[in-house]
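A.B. asks: Submitted below is the structure of interest, expressed as structure tokens.
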Amino acid sequence: MKRILGIDLGTTNSLIALFDESVPHVILDPQTGDPLLPSAVFFSADGSIHIGAKARGLGAASHGVLLTSVKRFMGRGMEDVTDDDRRAYPFPDDTQGIVRFRVGHRDYTPPEVSAFILKELKKRAEAYLHENVSSVVITVPAYFNDSQRQATRDAGRLAGLDVMRLLNEPTAASLAYGLEKKASGHIAVYDLGGGTFDISILRLKGGVFEVLATNGDTRLGGDDIDNRLAHYFLKNLSVDLLPDREIWNSARASAEAVKIGLSREESAEFVLSLPHRSIEYRQELTRKEFESLIKDIIERTVAPCRQALKDAGLKSEDIDDVVLVGGSTRIPLVRAIAQEMFSRPPHTELNPEEVVALGAAVEAGILSGDSQDMIL
């Protein structure tokens, strides 16, 4: 049968993965070796279009339009756009019809923007496999409605891909851990990414996953942690610097590095070095101080978890497995709160940023016949 690949089309980052020799693995960027493709598209003033990390870099320093987190707008109408959205994105003045982004003299829909990201993933896979890639499984949040799912299919079609199946992200995460091999059980999938938080409660019986309940917060994620840290460090500098884009972007990047460092070590140093602006600032932060700064942000995940359990008709002790998804779940405090919430240690064996893509690859292997012993 033809080869099918798995794609995690994420809000913050996207990945493509392959099921090969009974093992799923993420395909790396052939130039940088990075498994993640930032879900960012930059439309430069000269008409060129850039994807991924380059898009983010140009968006911080060049004239043009940078679009990120467009997944939030998939299948949405202009009536869903908030005032905060209008401050952050270049929407046309219309208040009717599907969401569109104004770039120069033309508009782009979320599926059109997402197609640029999918094309880049397709190119990455073709460079690795040395063959044409056309058939894929794409993951979507469990709460996506028909319009949002169709928009995802449209993005695949615009990218020249045949979307064989849309797979719920919590189901994909469960597949990556091989939980479908259990006879039965209840699974909590705790997904804290860069921009969104999702909690899903699944029931497994006879190899079939059923989503019992979903909840979350579409404006809660690692970005909030980065912003909190950046503000904390910048308060020691002149307040006049806060609106400065160059300083803010540099501070956020350093704050993210501190966050990542404190997920592994007991302390990390914030460094803001802009010699041409006569700025050279360093400050040490301990993990204990870090946790104190962000605890209220992480605790915002608790109420959605409780509501999801209530909607599923379950108690925390009824959960058999907890799966963590999203880079922010590397933070020890996040893992501790998830463990306390569901009364058991979460699975942490797999890279939480790759787990959904790996599950999509497993499903792709099932569909293509590469994995004969599994049925979804």
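The values are calculated or read from the model by the stated rules, or taken from the named source; none is laboratory data. Quantities reported herein were computed from a predicted structural model and do not represent experimental measurements. Note that each Cβ is placed from the backbone with ideal geometry, even for glycine, and that neighbours are counted across all protein chains shown. To get the accessible areas, we keep the full protein, side chains included, count just its heavy atoms, and leave off ligands, DNA and RNA. Shrake-Rupley method; radii C 1.70, N 1.55, O 1.52, S 1.80 Å.
A.B. asks: Any residue in segment 146-164 that's open to solvent by 50 Å² or more (accessible area, probe 1.4 Å): show its pairings with residues that are of a type outside the set (Lys, Arg) and assigned to a helix (DSSP H, G or I) at Cβ separation under 7 Å, as long as the two are six or more apart or on different chains.
C.D. replies: Sorted first by the residue in segment 146-164, then by its partner, the pairs are LEU158/PRO111; LEU158/GLU112; LEU158/ALA115; MET164/LEU367.
A.B. asks: For segment 159-198, which residues satisfy the criterion of being of a type in the set (A, V, I, L, M, F, W, C), part of a strand (DSSP E or B) and more than 23 Å from THR329 (Cα to Cα)?
C.D. replies: Within segment 159-198, VAL163, MET164, LEU166 qualify.
A.B. asks: Could I ask something else about it? Tell me, which residue of segment 57-101 that is in contact (Cβ under 8 Å) with a residue 24 or more places away in the chain and open to solvent by 50 Å² or more (accessible area, probe 1.4 Å) is nearest to ALA151 (Cα to Cα)?
C.D. replies: ARG76
A.B. asks: Any residue that is under 17 Å from the mean Cα position of the chain (by Cα), assigned to a strand (DSSP E or B) and farther than 19 Å from LEU129 by Cβ - is there at least one of those in segment 56-67?
C.D. replies: At the first step, the residues of segment 56-67 found to be under 17 Å from the mean Cα position of the chain (by Cα) are 56, 67.
Retained after the next criterion (residues that are assigned to a strand (DSSP E or B)): 67.
Restricting the remaining residues to those that are farther than 19 Å from LEU129 by Cβ gives 67.
Scanning segment 56-67 turns up at least one residue that is under 17 Å from the mean Cα position of the chain (by Cα), assigned to a strand (DSSP E or B) and farther than 19 Å from LEU129 by Cβ.
A.B. asks: Taking segment 237-294 only, how many residues are acidic (Asp, Glu), open to solvent by 60 Å² or more (accessible area, probe 1.4 Å) and modelled with pLDDT of 85 or more?
C.D. replies: Looking only at segment 237-294, we keep the residues that are acidic (Asp, Glu), and these are 240, 244, 246, 256, 265-266, 269, 280, 284, 289, 291.
Then drop every residue that is not open to solvent by 60 Å² or more (accessible area, probe 1.4 Å), which leaves 240, 246, 256, 265-266, 269, 280, 284, 289.
Adding the requirement that they be modelled with pLDDT of 85 or more leaves 256, 265-266, 269, 280, 284, 289.
Looking only at that region, the number is 7.
A.B. asks: Continuing with this model, one more query. Here is a list of conditions, (1) at pLDDT 95 or above; (2) surrounded by 15 or more Cβ atoms within 10 Å (Cβ to Cβ), and GLY193 meets all of them except one; can you say which number that is?
C.D. replies: (1)
A.B. asks: Can you name the condition, by its number, that PRO332 falls short on among (1) open to solvent by less than 10 Å² (accessible area, probe 1.4 Å); (2) within 24 Å of ASP223 (Cβ to Cβ); (3) not small (Gly, Ala, Ser)?
C.D. replies: All conditions are met except number (1).
A.B. asks: Something else about it: Can you confirm whether ARG219 is at pLDDT below 95, charged (D, E, K, R) and open to solvent by 10 Å² or more (accessible area, probe 1.4 Å)?
C.D. replies: Details: at pLDDT below 95: yes; charged (D, E, K, R): yes; open to solvent by 10 Å² or more (accessible area, probe 1.4 Å): yes.
The answer is yes for ARG219.
A.B. asks: Of the numbered conditions (1) in contact with a Pro (Cβ under 6 Å, 6 or more places away or on another chain); (2) open to solvent by 40 Å² or more (accessible area, probe 1.4 Å), GLU126 satisfies every one except a single condition; which is it?
C.D. replies: (1)
A.B. asks: Considering only residues of segment 26-55 that are in a strand (DSSP E or B) and β-branched (Val, Ile, Thr), which is farthest from GLY365 (Cα to Cα)?
C.D. replies: Among those residues, the one meeting the criterion is ILE49.
A.B. asks: If we scan segment 30-37, do we find a residue that is open to solvent by 40 Å² or more (accessible area, probe 1.4 Å) and closer than 12 Å to ALA125 by Cα?
C.D. replies: Yes, segment 30-37 contains at least one residue that is open to solvent by 40 Å² or more (accessible area, probe 1.4 Å) and closer than 12 Å to ALA125 by Cα.
A.B. asks: Go through segment 152-180 and count every residue that is among the aliphatic types (A, V, I, L, M) and under 17 Å from PRO346 (Cα atoms).
C.D. replies: Within segment 152-180, the subset among the aliphatic types (A, V, I, L, M) is 155, 158-159, 161, 163-164, 166-167, 172-173, 175-176, 179.
Next, from what is left, pick out any that are under 17 Å from PRO346 (Cα atoms): 172-173, 175-176, 179.
Summing the residues that are among the aliphatic types (A, V, I, L, M) and under 17 Å from PRO346 (Cα atoms) in segment 152-180 gives 5.
A.B. asks: Step by step: first the residues of segment 12-25, then only those that are surrounded by fewer than 21 Cβ atoms within 10 Å (Cβ to Cβ) and not in a loop (DSSP other than H, G, I, E, B), then the one that is modelled with the lowest pLDDT. Which residue is that?
C.D. replies: The residue in question is ASP20.
A.B. asks: May I pose another question? From PHE233, PHE270, grab the single residue that is in contact (Cβ under 8 Å) with a residue 24 or more places away in the chain, in a helix (DSSP H, G or I) and not aliphatic (A, V, I, L, M).
C.D. replies: Result of the check over PHE233, PHE270: PHE233.
A.B. asks: Criterion first (among the small types (Gly, Ala, Ser), in contact (Cβ under 8 Å) with a residue 40 or more places away in the chain and farther than 23 Å from GLY156 by Cα) does GLY104 satisfy it?
C.D. replies: Spelling it out, GLY104 is indeed among the small types (Gly, Ala, Ser), in contact (Cβ under 8 Å) with a residue 40 or more places away in the chain and farther than 23 Å from GLY156 by Cα.
A.B. asks: Based on what the data block shows, is ILE49 open to solvent by 40 Å² or more (accessible area, probe 1.4 Å), in contact with a helix residue (DSSP H, G or I) (Cβ under 7 Å, 6 or more places away or on another chain) and either under 17 Å from VAL113 (Cβ atoms) or of a type in the set (S, T, N, Q) (or both)?
C.D. replies: Answer is yes for this residue.
A.B. asks: Limited to segment 295-329, what total is found for residues that are surrounded by 17 or more Cβ atoms within 10 Å (Cβ to Cβ), small (Gly, Ala, Ser) and more than 21 Å from the chain's Cα centre (by Cα)? Explain how you work it out, then say what you get.
C.D. replies: Taking segment 295-329 first, the residues surrounded by 17 or more Cβ atoms within 10 Å (Cβ to Cβ) are 297-298, 301, 304-305, 308-309, 312, 314, 319, 321-329.
Retained after the next criterion (residues that are small (Gly, Ala, Ser)): 308, 312, 326-328.
Going one step further and asking which of them are more than 21 Å from the chain's Cα centre (by Cα), we end up with 312.
Summing the residues that are surrounded by 17 or more Cβ atoms within 10 Å (Cβ to Cβ), small (Gly, Ala, Ser) and more than 21 Å from the chain's Cα centre (by Cα) in segment 295-329 gives 1.
A.B. asks: Can you tell me which of (1) farther than 23 Å from ALA159 by Cα; (2) touching a Gly at 6+ places or on another chain (Cβ under 6 Å) is the one SER69 doesn't meet?
C.D. replies: Unmet condition: (1).
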